[in-house]
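Undergrad: Let me give you the structure first, and then I'll get to my questions.
The values are calculated or read from the model by the stated rules, or taken from the named source; none is laboratory data. All values derive from a computational prediction rather than experimental measurement. So basically every Cβ, Gly included, is an ideal-geometry build from the backbone, and we count neighbours across all protein chains shown.
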Amino acid sequence: MQLFDTHTHLDAPQFDEDREQVIARALEAGVTKMINIGFNRETIPTTMKLAETYDYIYAAVGWHPVDAIDMKDGDLEWIASLCSHPKVVAIGEIGLDYYWDTSPKEVQQEVLRKQIGLARELGMPICIHNRDAHEDVVRILREEKANEVGGVMHSFSGSWETAKMCLDLGFHLSFGGPITFKNARVPKEVLEKTPLDRLLIETDSPYLTPHPFRGKRNESGYVKLVAEAAAEIKGIDLQELAEITYANALVRFGIV
């Protein structure tokens, strides 16, 4: 069985003491491919280093909405230059975050629009971060013609109505640890309705740790717990769920 963790942050400082062991445990759990996310001036270089060090780690590079206020024109050019690297498979994570009050909404929206434009110019899929901004995210995706490249709604947390709009735009929905939480009714219901060919799984490690390790540091190997929960919700066996989500990720990110 092969598993694909489509969203992880293995370069995070939480892994500084045992990064190699964490990666080894992921491989032991059947995780044969991972996408590490570089999302600002500090994490893009460390993400690229991981992707260049490990054959099975790929990179997404972009500018996170929380850091939008710090983005300069040169940073967009930097991201563009990195997209020609063979291990860079997406622009992300990009989007809107109305929970953390660090960048003004209008700045976040401008940075998101610029990066969607870059993705369309380069023909790259995008990885969308959306926190408490469902309406604006969908509106901007439509206005900027993000359907031309598609991508992934990372750690999807919206309603089925929002999910349908994202699916109509050609996006995949990715689910992580929250689908293992006892009281997480909405993400479970959305996952249940999501077409199998649009389903992805992730950890977002070291965050959003699945049950029974909730409250502790997450790691890529725990994507197997997400897969088990997703298989149960979809009413299929784990092997089938793993095969489907693995194949979906290869297609979505253009990995041969």
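Every residue, every condition in (1) within 18 Å of R19 (Cβ to Cβ); (2) crowded, with 20+ Cβ neighbours inside 10 Å; (3) of a type in the set (V, I, T), yes or no:
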| residue | (1), (2), (3) |
| --- | --- |
| G30 | no, no, no |
| P45 | yes, no, no |
| M48 | yes, no, no |
| D70 | no, no, no |
| I94 | no, yes, yes |
| K114 | no, no, no |
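Undergrad: Turning to a different aspect of this structure: Please specify each residue of segment 235-256 satisfying the condition of being touching a Ser or Thr at 6+ places or on another chain (Cβ under 9 Å) and either of a type in the set (A, V, I, L, M, F, W, C) or farther than 13 Å from L200 by Cβ (or both).
TA: A249, F253
Undergrad: Another question, then. Within segment 73-92, which residues are over 18 Å from M124 (Cβ atoms) and either at pLDDT 95 or above or crowded, with 20+ Cβ neighbours inside 10 Å (or both)?
TA: Result: G74, single match.
Undergrad: Tell me, please, whether a residue that is among the aromatic types (F, W, Y), without any contact (Cβ under 8 Å) to a residue 40 or more places away in the chain and not in a helix (DSSP H, G or I) can be found in segment 238-254.
TA: No: segment 238-254 contains no residue that is among the aromatic types (F, W, Y), without any contact (Cβ under 8 Å) to a residue 40 or more places away in the chain and not in a helix (DSSP H, G or I).
Undergrad: Restricting to segment 118-134, what's the tally of residues that are assigned to a helix (DSSP H, G or I) and farther than 19 Å from W78 by Cβ?
TA: From segment 118-134, those assigned to a helix (DSSP H, G or I) are 118-122, 134; that's our starting set.
Retained after the next criterion (residues that are farther than 19 Å from W78 by Cβ): 134.
Qualifying residue count for the region: 1.
Undergrad: Restricting to segment 1-28, and then to whatever is farther than 17 Å from E202 by Cα and in contact with a strand residue (DSSP E or B) (Cβ under 9 Å, 6 or more places away or on another chain), can you tell me which residue is surrounded by the most Cβ atoms within 10 Å (Cβ to Cβ)?
TA: F15
Undergrad: Could you tell me which residue of segment 116-136 is surrounded by the most Cβ atoms within 10 Å (Cβ to Cβ), considering only residues that are hydrophobic (A, V, I, L, M, F, W, C) and more than 15 Å from the chain's Cα centre (by Cα)?
TA: So, considering only residues that are hydrophobic (A, V, I, L, M, F, W, C) and more than 15 Å from the chain's Cα centre (by Cα), the one surrounded by the most Cβ atoms within 10 Å (Cβ to Cβ) is A119.
Undergrad: Applying the selection to segment 206-235, what residues are closer than 27 Å to G170 by Cβ and touching a residue at least 40 places away in the same chain (Cβ under 8 Å)?
TA: Y207, L208, S220, V223, V226, A227, A229, A230, I233, K234
Undergrad: Please enumerate the residues belonging to segment 148-185 that are of a type in the set (S, T, N, Q) and in contact with a strand residue (DSSP E or B) (Cβ under 8 Å, 6 or more places away or on another chain).
TA: Selection gives S155, S157, S174.
Undergrad: Restricting the search to segment 177-193, which residues are touching a His at 6+ places or on another chain (Cβ under 8 Å) and modelled with pLDDT of 95 or more?
TA: Passing the criteria: G177, T180, F181.
Undergrad: How many residues does segment 219-256 hold that are surrounded by fewer than 16 Cβ atoms within 10 Å (Cβ to Cβ) and among the basic types (K, R)?
TA: 0
Undergrad: I need the strands (runs of 3 or more DSSP E) fully contained in segment 3-117, keeping only those with at least 3 residues that are under 20 Å from F175 (Cβ atoms) and touching a Cys at 6+ places or on another chain (Cβ under 6 Å).
TA: Output list reads 88-97.
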